[in-house]
Amino acid sequence: MRYLLDSNILLRLTKPDDHDYPVVRSAVDALWASEAELCYTSEDPAEFWNVCTRPAERNGFGLSIAGTDRRARLIENQFTLLPDSEQVHREWRRLVATENVRGVQVHDARLVAAMRVHGVTHVLTLNDQDFARFDGITVVHPAKPIEPR
């Protein structure tokens, strides 16, 4: 089974002092124990970099470029990249038009487009409702028990 990790999962996974870290760490460990393949798209590191380098007073982590780069490398070394392609772009364009996607939700539609093109049906996220509109996507919150394979 393949799971896409939303950027909110990746952010918490690299910040042990975050209040969501224990539940996120536990969910990722359970998925690894079930031999799930954990994936990300190029959208995830972009969102990750944005939050990590944004000042804390603007709801970011306030990290240096070097600190952000170290954390990003950990993600890149531990998880599978679902590469961008013309197919992903076309699916994204179709989704945003047919699902009436607006504003910041375009980023989630991009994740769903990559999932569909690469045959990934499950997403691990703290924001269940962000993916609820998309058919064929199983949304898994890290606080819910992970079903063994």
message: Only Cα pairs within less than 10 Å get springs; with that Gaussian network setup on the chain, which residue of LEU63, LEU38, LEU124 has the largest fluctuation?
response: LEU63
task: Go ahead and set up a Gaussian network model of the chain, Cα springs under 10 Å, then flag whichever of ASP128, ASP84, ASP17 fluctuates most.
output: ASP17
query: Once you charge only the Cβ atoms, +1 for Lys and Arg and -1 for Asp and Glu, what is the size of the charge dipole of region 2-140 about its Cα centre, to the nearest 20 debye?
result: 260 debye
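Run the numbers on region 48-149 and let me know its relative contact order in percent, using alpha-carbon pairs under 8 Å that are six or more apart.
Values: 90 pairs, mean separation 15.9, N = 102.
RCO, region 48-149: 16 percent.
Values quoted throughout were computed directly from the atomic coordinates according to the rules given, and no laboratory measurement underlies them. Note that the structure is predicted; figures quoted are calculated from it, not measured. When we count neighbours, we look across all protein chains shown, and the Cβ atoms used for this are built from the backbone with ideal geometry, even at glycine.
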